[in-house]
Each structure stands twice: as structure tokens, then as C-alpha cells.
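This report refers to the structure that appears directly beneath it.
The values are calculated or read from the model by the stated rules, or taken from the named source; none is laboratory data. Given the structure is predicted, the values throughout are model-derived calculations rather than measurements. Don't worry about glycine lacking a Cβ; one is built from the backbone with ideal geometry, like all the others, and counts go over all protein chains shown.
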Amino acid sequence: MNNDFESRSTSPGGFLAGLVCGAAVGAALGVLFAPRAGAETRRQLAESGDSLRESANRTYSQASEGVSQLASRGREAVDRGRAAFDRTREKATTAVNETFGDSPYPTA
């Protein structure tokens with residue numbers, strides 16, 4: 001059973017959006033509840049931002065690679081389909097020519 005939730009939750013874009021939202025909420029809560037000096041809090045936020053950026057870049061790279069692989073497989077499938085169509089058309093043309101000669105219309 002393929003429902004809407006499953007297809008959205010497994011997409012690379014959905015994962016990236018969840019990652020970004022979760023990181024933002026986590027960083028905001030950390031700032032609100034952490035009893036640190038201003039300089040320490042700014043340093044921690046900078047580190048969190050760097051970590052988030054790295055994570056987002058990795059996720060983007062993985063998603064890009066997955067999309068490239070899917071596009072490549074799609075092109076290969078189209079090429080195989082086109083080749084199968086051409087073979088079938090050639091067989092049908094040959095069968096028609098063998099049955100009716102050069103003209104597809106029978107002569108009386």
C-alpha cells in the first residue's frame with residue numbers, strides 16, 4: 001500500500017526539510033535554555049550552524065546523486081523501449097511485406 005505519507009516521508013527533499021527544521025528548532029531551544037555567557041553562546045551557535053551546513057551539503061549531494069542515477073536509469077529504460085519498438089515495427093513491416101508483397105493492400 002503506497003500512501004501519500006510514505007511517498008513524502010521518503011523523498012530526499014522531505015528529509016532535507018525535516019533536517020533543517022529540526023536543526024533550527026534544536027538550536028533555538030538550546031539558546032533559550034542554556035545558561036552560558038554571550039560569547040560562549042555565539043560560539044556554540046556558529047558551530048551548530050557549521051554542523052548544519054555540512055549536514056545539509058551532504059544531504060544535498062546524496063539527493064543529487066540519487067536523482068542523477070534515477071535520470072540515467074530512466075534514459076536507459078527509454079532507450080531499451082525505443083529499441084524494442086523499432087524491432088517490433090521492423091518485424092511487423094517484414095510480416096506485412098511477406099504476406100502482401102510491397103503493398104499492404106491485397107490485390108484481387
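Scanning segment 29-83 for residues that are in contact with a Ser or Thr (Cβ under 9 Å, 6 or more places away or on another chain) and either among the hydrophobic types (A, V, I, L, M, F, W, C) or over 25 Å from Gly14 (Cβ atoms) (or both) returns Val31, Ala34, Ala63. If you take the residues of segment 41-56 that are of a type in the set (A, V, I, L, M) and surrounded by 13 or more Cβ atoms within 10 Å (Cβ to Cβ), which of them is farthest from Val20 (Cα to Cα)? Ranking the qualifying residues of segment 41-56, first place goes to Leu45.
Within segment 80-107, residues that are surrounded by 10 or more Cβ atoms within 10 Å (Cβ to Cβ) have Cβ atoms under 8 Å from residues that are modelled with pLDDT of 90 or more in no pair, counting only partners at least 6 apart in sequence or on another chain. Please work out if Gln69 is modelled with pLDDT of 85 or more and surrounded by 10 or more Cβ atoms within 10 Å (Cβ to Cβ). Yes, satisfied. Screening Thr59 against (1) free of Cβ contacts under 8 Å to residues at least 40 places away in the same chain; (2) surrounded by 10 or more Cβ atoms within 10 Å (Cβ to Cβ) leaves a single unmet condition, (1). Considering only residues that are modelled with pLDDT under 75, surrounded by 10 or more Cβ atoms within 10 Å (Cβ to Cβ) and in a helix (DSSP H, G or I), which ones fall in segment 30-40? If the condition is that a residue be modelled with pLDDT under 75, surrounded by 10 or more Cβ atoms within 10 Å (Cβ to Cβ) and in a helix (DSSP H, G or I), then Gly30, Val31 are the ones that fit.
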